[in-house]
Amino acid sequence: MNSSRCAACKHLRRRCPSDCIFAPYFPSNNPRRFAYVHKIYGASNVGKILQDLPVSCRAQAADTLCYEAYCRIKDPVYGCAGMVSVLHQQLNVAECQLATVKAEVAAIRNDSAALTVPTWFD
Amino acid sequence: MGGGTSPCASCKLLRRRCAKDCVFSPYFPPDDPHKFAIVHKVFGASNVSKMLQELPFHQRGDAVSSLVYEANARMRDPVYGCVGAISYLQNQVSQLQMQLAVAQAEILCIQMQQEQQQQQPPFMPNNNDSAQDEKSLVNFSSLQQYLSFASTSSTNNVMQDPLKRESLWT
């Protein structure tokens, strides 16, 4: 039993080669991480995505793939795209609120300018 | 399904017969082959099929739309995918909320100024309440300090080019 296999090779029940594409990003002490991406993307697709990237970007790519897979498992209908939709709505609400408050500031400033016209000139 | 009906985009790409109960055909019509191609490239046809089969019929349309969105995001940005858009939008929302707080503080400031002007007539050379005035001035200046602190723009850690706001479900 080879205890130095990465989580991917353990899951796939195969030998873990020294140049395994998954090993740096799916350590054996976190088997769920690979299980998530395998369920949603499949090991082959994950391998292709990582292979096509420079080595310096692969860790970040593995993290975002894991996150998206986890979101998809939690929400099988909307996944990560659901969060994007919610954020767009929050952005619209915040923009409307800001426009309203800025209009209020402008109105108060106008009122304030009208009030400060000195009356003792009359 | 009659002989004249063309196979759906998925069965065309997978080069197989399009069955009457094909799980893909309601969502991947033959006139839009790119839609299935991109989902197949990122997720794989087998995984998409399993995901759809685990959902009730009325939710499958939305699921396909979100899968297409995520697949497109991953193709555009192979490193960050959809997560890049989430990070960018969260940053935008935070900035707007900060601007909102500043604008609301500005209203309070102006209202306090107006109250002070109404309480004090313009010419009061011998003001006996100088101590009280100092207190209200102190509160006003601390509010102004808050305004100048809150309005300093923070550096953005924008990960990539901003994404256009686009409709997800059309």
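Of note:
- Residue within region B:114-126 that is open to solvent by less than 90 Å² (accessible area, probe 1.4 Å), out of contact with any Asp or Glu (no Cβ under 9 Å at 6 or more places or on another chain) and either hydrophobic (A, V, I, L, M, F, W, C) or modelled with pLDDT of 85 or more (or both) present: no
- Tallying residues that are more than 7 Å from chain A (Cβ to nearest Cβ) and open to solvent by 50 Å² or more (accessible area, probe 1.4 Å) within region B:96-106 yields 1.
- Flag: B:Tyr27 does not match the condition of being open to solvent by 20 Å² or more (accessible area, probe 1.4 Å), over 22 Å from A:Ile49 (Cα atoms) and in a helix (DSSP H, G or I).
- Residue satisfying condition, being outside any helix (DSSP H, G or I), of a type outside the set (Gly, Ala, Ser) and closer than 19 Å to B:Ala71 by Cα, within set A:Pro27, A:Pro76, A:Pro17: A:Pro76
- Enumeration of residues in region B:43-54 that are open to solvent by 30 Å² or more (accessible area, probe 1.4 Å) and facing chain A (nearest Cβ under 8 Å): B:Ser46, B:Glu54
- Residues in region A:51-60 include none that are buried (at least 18 other Cβ atoms within 10 Å of the Cβ), of a type in the set (A, V, I, L, M) and under 21 Å from the mean Cα position of the chain (by Cα).
- Positions within region B:55-82 being facing chain A (nearest Cβ under 7 Å), in a helix (DSSP H, G or I) and more than 18 Å from A:His88 (Cα to Cα), in sequence order: B:Gln59, B:Ala63
- Answer from A:Val77, A:Val105, A:Val37 - the residue that is within 7 Å of chain B (Cβ to nearest Cβ), in contact with a helix residue (DSSP H, G or I) (Cβ under 7 Å, 6 or more places away or on another chain) and buried (at least 19 other Cβ atoms within 10 Å of the Cβ): A:Val77
The values are calculated or read from the model by the stated rules, or taken from the named source; none is laboratory data. This structure is a prediction, so every number in the text was calculated from the model and none was measured. Here Cβ is always computed from backbone atoms with ideal geometry, including for glycine, and neighbour counts include all displayed protein chains. We work out accessible area using only protein heavy atoms, side chains counted, and drop any ligands, DNA or RNA first. Shrake-Rupley method; radii C 1.70, N 1.55, O 1.52, S 1.80 Å.
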